[in-house]
Amino acid sequence: MDPSDRYSFSPILRWDPEVENYFIKAYGADHFSIISKALTRPSSYSCVRVNTLKSTSDAVIEKLLEIIKEKGFDGDCHGKEGSGPNENVGSPLEESLKNGPIVKCQIPGLEYVLFVKGTGPHMIDYGYVPGAPPKEVIVGRKCAEAVLRGAQVFVPGVMACSAHVEKGDTVAVSAAIEQRNPNGGWAFGITRGTVLQGLQTDPYYFERNGLYIGQGTATMSRAGLFRASEGIAVDMNNRVFRLPSFYDVLEGEIFLQNLPSIVTAHALDPQKGERILDMCAAPGGKTTAIAILMKDEGELVALDRSHNKVQDIQKLAAEMSLTCITTYKLDVLKAIRQRNEADDININQSSNSLRFHEEKASSSTAEGFNLDKTCEDNVSNAIENGGAYVSKADIRKAKRRMRNGSGRNQCVGGRVENSKGFYPDSFDRVLLDAPCSALGLRPRLFTGEVTIDSLKKHATYQRRMFDQAVKLVRPGGVIVYSTCTINPGENEALVRYALDTYKFLSLASQNPRIGGPGLVGSFESANGRTEEWLRPGEEEFVQRFDPSSSLDTIGFFIAKFSVGSKGV
């Protein structure tokens, strides 16, 4: 094999045959082939959202230019002769980015969005000599995808390494892709710590053809790579794709976010003073974008069923100095709370009583009063003043908090509140950015685990979440549904379900509109099952972002619904 073919980046996505046939029927064979290729590569630019409540686009551009200059990022990836620009030539962004490494978005209303130019793909000379292959480090597939987006190689991502690698050595970095194992699952097939010789006897030698993502400098010896538990393993200084890193850069002033995600917040069209729900909010990118569009005035409720992810939302909101966001830990499939006025009054009184006696007891502690007596006295006073009964268990909890301090989960910005759900018709607008198959995210080097059945499960789950959204939004309100997948079964088919199931819903126009039209028609599977998509005339109301289009974004989908009278 020609070394230039082996030591290159030319991945091919291998799809499950049924899934591939499904997508070919949706897009056509040629178009789907182009989409598959686009998915293996990162976008040619990074998209940065400016927090307009704390800074301006001009101020951020000035700061970022200084940072880029300081870090030495000049748009050249040190590629050898034969290097070329990203293949998405002709993009409306391409001409703008010729004017400098950072430009403002020219779409009306999105001037606070900045595009930061990247470069690639680049041909890299890995120093191959017949019989003496370069020293090499193999990283896991997820690590490789992160490196293609601009990350470094961290220790946990290293799978295997050549013998005699020492700190400071130049190494070729390649990706290990999951392979089918005998029991039908997927695995790398490489034991972590495997010694590489760069020869055909190495495990999966041929499978790594065309999967070299760049060259870097080892920051520790081979022994150190597999003894350390954290830290940078390889300093990637010669990449196939080079995008500037924004890790810990202008924290609170900017947020790295894909363009379609920013457009989703605009499609919701949040207004000051409204009560808005973000049903699947983590990690908080769209949540904070909505809060900024609301001018931080109103109430924005952000949900996630993971404690840690809720804390991530809180952290981001705090960094951006946003106060209108209220976070809760809640499974959105349990988001509906039935009205019971008596219970509601008792809950509120109990909550107020506990808060009252905790705050008063904390104040008394500072003055040197007896904790136990103060706590019990405050509870008694609260009950006498009309509060609900507080159990002894609640009193004991309050005493422990008073003695031991607030604790991590009680600290400002760190507390995670559980929610029992929300009453029907209690929100003006609802965003459902649904958990999905994520088949639009880029770069993607592996799709073998995706099956028709797994895609159906995503679609079923999304319909159940959408049912909750419909109940929670008030008549006259708005629902925006979005995914980061190219799968029409999770996109157009959901729209068809929504319009056929809820006659009071109608598709609404979106602003700005920069994505393409949706898919019209249907798909009939081999077993006779028909999946209905959009009908003629509906395709222009949704936005479908094609990863192979000139916009060069991730694959994404947005649908906006107006809510009529629910009695109809």
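The values are calculated or read from the model by the stated rules, or taken from the named source; none is laboratory data. All figures in this text were calculated on a predicted structure; none of them were measured in a lab. Every residue, glycine as well, gets a Cβ built from its backbone with ideal geometry; the counts of neighbours run over all protein chains shown. Accessible surface is based on the protein model in full, side chains and every heavy atom, while ligands, DNA and RNA are left aside. Shrake-Rupley method; radii C 1.70, N 1.55, O 1.52, S 1.80 Å.
List the number of the failed condition for A398; all other conditions in (1) open to solvent by less than 30 Å² (accessible area, probe 1.4 Å); (2) in a loop (DSSP other than H, G, I, E, B); (3) at pLDDT below 90 hold.
(2)
Write out, first by first residue and then by second, each pair whose Cβ atoms fall under 9 Å of each other, whose residues are 6+ apart or on separate chains, and whose first residue, in the stretch 505-522, is at positive phi while the second is charged (D, E, K, R).
Matching pairs, first to second residue: G521/E492; G521/E532; G521/R535.
Would you pick out the residues in the stretch 185-194 that are under 22 Å from M236 (Cβ atoms) and open to solvent by 40 Å² or more (accessible area, probe 1.4 Å)? So that I can check it myself, show each step before the final result.
So in the stretch 185-194, the residues under 22 Å from M236 (Cβ atoms) come out as 188, 190, 192-194.
Within the stretch 185-194, F188, R192 meet the criteria.
Residue by residue, here is whether (1) modelled with pLDDT of 90 or more; (2) outside any strand (DSSP E or B); (3) over 30 Å from C47 (Cβ atoms) holds:
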position	(1), (2), (3)
P156	yes, yes, no
L199	no, yes, yes
G216	yes, no, no
G224	yes, yes, yes
N238	yes, no, no
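Please specify each residue of the stretch 100-118 satisfying the condition of being in contact with an Asp or Glu (Cβ under 9 Å, 6 or more places away or on another chain) and open to solvent by 20 Å² or more (accessible area, probe 1.4 Å). So that I can check it myself, show each step before the final result.
In the first step, residues of the stretch 100-118 are kept if they are in contact with an Asp or Glu (Cβ under 9 Å, 6 or more places away or on another chain); the result is 101, 104-105.
Answer for the stretch 100-118, where residues must be in contact with an Asp or Glu (Cβ under 9 Å, 6 or more places away or on another chain) and open to solvent by 20 Å² or more (accessible area, probe 1.4 Å): P101, K104.
Hand me the list of strands (runs of 3 or more DSSP E) wholly inside the stretch 251-308 holding 3 or more residues that are surrounded by 24 or more Cβ atoms within 10 Å (Cβ to Cβ). Steps first, answer last, please.
Values: elements: 254-256, 275-278, 299-304.
By residue number, 275-278, 299-304.
Here's a check for you: in the stretch 451-461, which residue that is of a type outside the set (G, A, S) and out of contact with any Asp or Glu (no Cβ under 6 Å at 6 or more places or on another chain) is most open to solvent (accessible area, probe 1.4 Å)?
Here is the first cut: in the stretch 451-461, the residues of a type outside the set (G, A, S) are 451-453, 455-458, 460-461.
The next check asks that each one be out of contact with any Asp or Glu (no Cβ under 6 Å at 6 or more places or on another chain); those that pass are 453, 455-457, 460-461.
Numbers: D453: 98, L455: 9, K456: 72, K457: 148, T460: 81, Y461: 58 Å².
Applying the filter and picking the extreme gives K457.
Counting only residues that are open to solvent by 20 Å² or more (accessible area, probe 1.4 Å), give me the strands (runs of 3 or more DSSP E) lying completely in the stretch 470-568 with at least 2 of them.
Details: elements: 473-483, 505-507, 522-524, 530-532, 543-545, 556-563.
Where strands (runs of 3 or more DSSP E) fall fully within the stretch 470-568 and carry at least 2 residues being open to solvent by 20 Å² or more (accessible area, probe 1.4 Å), they are 473-483, 505-507, 522-524, 530-532, 556-563.
Could you grab me the full set of residues in the stretch 27-57 that are of a type in the set (S, T, N, Q) and touching a strand residue (DSSP E or B) at 6+ places or on another chain (Cβ under 6 Å)?
The first filter runs over the stretch 27-57 and keeps only residues of a type in the set (S, T, N, Q), leaving 33, 36, 40, 43-44, 46, 51-52, 55-57.
Hits for the stretch 27-57 are S46, S57.
In the stretch 9-26, what count of residues is obtained for those that are open to solvent by 30 Å² or more (accessible area, probe 1.4 Å) and either touching a strand residue (DSSP E or B) at 6+ places or on another chain (Cβ under 7 Å) or not in a loop (DSSP other than H, G, I, E, B) (or both)?
We begin by selecting, within the stretch 9-26, every residue open to solvent by 30 Å² or more (accessible area, probe 1.4 Å); these are 10, 12, 14, 16-18, 20-21, 24-25.
From what's left, either touching a strand residue (DSSP E or B) at 6+ places or on another chain (Cβ under 7 Å) or not in a loop (DSSP other than H, G, I, E, B) (or both): 17-18, 20-21, 24-25.
Qualifying residue count for the region: 6.
Let's see how each residue does on (1) of a type in the set (G, A, S); (2) modelled with pLDDT under 80:
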| site | (1), (2) |
| --- | --- |
| E87 | no, yes |
| P92 | no, yes |
| N99 | no, yes |
| G109 | yes, no |
| V113 | no, no |
| G120 | yes, no |
| I124 | no, no |
| G140 | yes, no |
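Determine whether A318 is open to solvent by 10 Å² or more (accessible area, probe 1.4 Å) and farther than 28 Å from C143 by Cβ.
Values: open to solvent by 10 Å² or more (accessible area, probe 1.4 Å): yes; farther than 28 Å from C143 by Cβ: yes.
Judged against the criteria, A318 is a match.
For the stretch 417-436, how many residues are open to solvent by 20 Å² or more (accessible area, probe 1.4 Å) and at pLDDT 95 or above?
So the answer is 9.
All but one of (1) at pLDDT below 90; (2) surrounded by fewer than 18 Cβ atoms within 10 Å (Cβ to Cβ) hold for V390; which doesn't?
Of the numbered conditions (1) at pLDDT below 90; (2) surrounded by fewer than 18 Cβ atoms within 10 Å (Cβ to Cβ), the odd one out for V390 is (2).
Go over the candidates P134, P182 one by one and state the one that is at pLDDT below 95, part of a loop (DSSP other than H, G, I, E, B), surrounded by fewer than 16 Cβ atoms within 10 Å (Cβ to Cβ) and out of contact with any helix residue (DSSP H, G or I) (no Cβ under 8 Å at 6 or more places or on another chain). Spell out the reasoning first.
Details: P134 fails: surrounded by fewer than 16 Cβ atoms within 10 Å (Cβ to Cβ).
From the options P134, P182, the qualifying one is P182.
Can you say whether A317 is small (G, A, S), closer than 17 Å to E417 by Cα and outside any loop (DSSP other than H, G, I, E, B), as far as the supplied structure shows?
When the stated conditions are applied, A317 passes them.
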